[in-house]
Amino acid sequence: MKNTIYASLAVTALGGAAFLVPAAAHADDAVPLGSDSLATDDTTAVMGPAREYQHGLTVNGVSPTLRTVVVDGESILAYCIEYWIRAADPDHTAAVTGWDEFTGDNNFKTDSQVREQVAWILRNSHPTLSLDDIEATTGTSGLTEAEAIAATQSAIWHFTDDFVPDGNLTVESAATNNEPVSAQSADNVQAVFDYLTGEENTGLNEQQVQASVTLIEATDADVARPQGLTEIIEDEDDHVFGPVELNASTDSVGLDINTIDDAVDMEDLSILDADGELVEPSQPVTTDELWLHVPADTETGGVHIAAESTEFGYTGRLITPEPDAQRRFQTIVVVDQTSHQDSTELQLSWEKPTVVEPPPSEEPPAPEEPPSPEEPPTPTEPPAPEEPPVPEDPPTATEPPVEELTPSEPLQQPEDVETEATLEVVNETPSPEPTIEEAEEIHATEQLATTGPNETRNVLIGVGTLAIGAALLILNRWLRKRKAWGTAEKF
C-alpha cells in the first residue's frame, strides 16, 4: 500500500515564482521529480483568493507573501522560486507539468543540487513543521509566522537566485505596515535562515521507495539467550520463544502485539529485544530480534504479532500559470512526500503444562509389630516327693500251735526271701527353652555352687530311699526270726 503525504507549502513573493508542497495526494500520482508523466490533462490548478494570503517581515527591502494555490480542489500554501518574475493574479489558471519542464533560467533550472536543497527547506520549515518544532531545531524563542515566512523565503531565494549571498539579513518592518521590528524578531529570522541554509541542509533526493519487513521464528536456532531474559525465567516449564528475527528496510518498525485468548493478559508476558531490554509494543522498535517469555502458569493461548515498515520518499511536479500575451508568471513547485508500507504477521502459541497429580495412595497398613517375646513360664517347683509311708509295726506274731514233730518229716530249711525294693523314678516335665539372656544367666549360675530347691529335692529323695530300704531290712529280719521260731517249737 502506498500513501502520499504532502506537506503543504506555497509562497508567492514579489517578482518570483512559487514553490508548492501539497498536503495530500494519491500514491499513484507520486512519481520522480522531473517526470513528464506528472503533467496530465485532467489535473488543474488555480491561484487562490487574496484574502487567504499571509505576509512575512520585510527582509532586505522585499516583503514575502504566502499565497494559496488550489490543486485538484485542495488549497495549498506556496513559496516562490523565481525572485525576478511576477506572480499571477488570484483565480489565474495553471497547468501541471514535470520538473524538467521548468520554463525559468535560474539555478533551479540548471543545478540539481539546488532543487534538492529547496525541497529540503520546504520539508523542514513553516508550515510543514509547527513553530514549536522549528524553535526546537533552531534555538529561537517566541517565533512568529511572519518571522518564519521571511526566513524561509529568503533561504529559497538564496539558492535559486543568489539572494543575500553573504547571508546577512536586514529585517526592517512588517510587510503590511512600517512598524519597526524588535531585535528579537531580527535575531529569530537570522537564526532560522542560517539553519535552513547551513550544514544540516543536505538536500532531499527524489526517489521511489519500497518498504519490506519480515518476522521469522527461529526458536530452535542455537542462539544464546540475552541476560535480561535469563533473569526473569523462574520455572523450567516457562515458555520462551526466540529469537524472532525482525528484518526490515527501515531502521524502526511499528509493532502491534495482542493475545489471541481472553484468558491471557498481555501484562503477564514479557517482550524483549536482542539486548534483553523490555520492548514497549506501542512504540517503534529498532531491534533485529525479539524474545517472548510466557510464565509456566499462564493459561493456554497465544499472541499475534504484526510488524509494519514504512519508507518515505519525495517526488515533485510543477504548477505553471498560463502566460498571457505580454509575460509568463511564477512557476509553483510541488514536492510530494510518498510513503510505502509493508507489513507481516506471526502467531506464537503455547499450552499450559498439565500437572499430573498421582492418584491418592491407599494408606499403607501399619507395620505389624513384632510379637513381643513371650515371657518364659515361671519354672514350676516340682512337687515334693511323697514321703514313703512309715511302715507299720509288724503285727505281733501269734505263736502257732505246737505241733509234734514226726521224725519222719525232715526238717525244712528256711528259705531266703529277697525283697527287691523298686524306686519310683519321677519324670520331670522339661522346662521351655531358655532365652539368650536366660541361658547366659543359667550358665553364670552353673559356675556357682549348686544350691536351691533342686538340692532339697535330691536330699528328700535320698532320705525316702534310705527309709524304704531300712523298712525292708527290718521286715526281712522279722520274717527270718519268725521262721526260726517256728523251727524251734518243733523241736
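Worth pointing out:
- Amide N of the range 246-260 lying under 14 Å from the label point, which is placed 7 angstrom from the Cα of E299 along Cα→Cβ: 259-260
- Environment charge at D273 (Cβ cut-off 10 Å; Lys +1, Arg +1, Asp -1, Glu -1): -4
- FRET efficiency estimate (nearest 0.05) - Cβ-Cβ, T354 to F312, R0 41 angstrom: 0.25
- Using R0 = 56 Å, the C-beta based FRET efficiency linking I216 and D194 works out to 0.75.
- Karplus-based coupling profile of the range 224-234, in residue order and whole Hz: 5, 6, x, 4, x, 6, 4, 6, 9, 7, 10, with θ = phi - 60° in 6.51 cos²θ - 1.76 cosθ + 1.60 and x standing for Gly or Pro.
- Spread of Cα-to-Cα distances over 10 Å intervals beginning at zero, given as percent, for the range 103-147: 25, 38, 26, 11
- Built amide H within the under 5 Å cut-off of V279, gap 5+: I271, L272, D273
- Qualifying trypsin sites (Lys or Arg not before Pro) in the range 106-158, where qualification requires a DSSP coil assignment and no more than 11 other C-beta atoms within 10 Å, are lacking entirely.
- Chain lengthening between W84 and I260 when straightened (0.36 nm per residue, less Cα-Cα): 57.0 nm
- In terms of overall dimensions, the range 54-195 has a Cα radius of gyration and Dmax of 15.2, 43 angstrom.
- Summing charges over all other residues whose Cβ lies under 14 Å from the Cβ of H126, with Lys and Arg as +1 and Asp and Glu as -1, gives -4.
- A crude spin-label estimate for the pair D105 and D132, with each label 7 Å from Cα along the Cβ direction, gives 4.8 nm.
- Fewest-first ranking of Y53, Y79, Y314, using other Cβ atoms within 10 Å as the exposure measure: Y53, Y314, Y79
- Proximal charge balance of A306 [Cβ under 11 Å; K/R count +1, D/E count -1]: -3
- Distant-in-sequence amide contacts of T68, defined by a placed amide H-H separation under 5 Å and a gap of 5 or more residues or a different chain, comprise G48.
- In order through the range 250-263: 3J(HN,Hα) via Karplus (6.51 cos²θ - 1.76 cosθ + 1.60), integer Hz, x for Gly, Pro: 10, 5, 10, 10, x, 10, 9, 10, 9, 7, 9, 9, 5, 6
Every number in this text was worked out from the coordinates using simple rules, so none of it is lab data. In this text the structure is predicted, and so the values were computed from the model without any measurement. Virtual Cβ from ideal backbone geometry, glycine too; neighbours counted across all protein chains shown.
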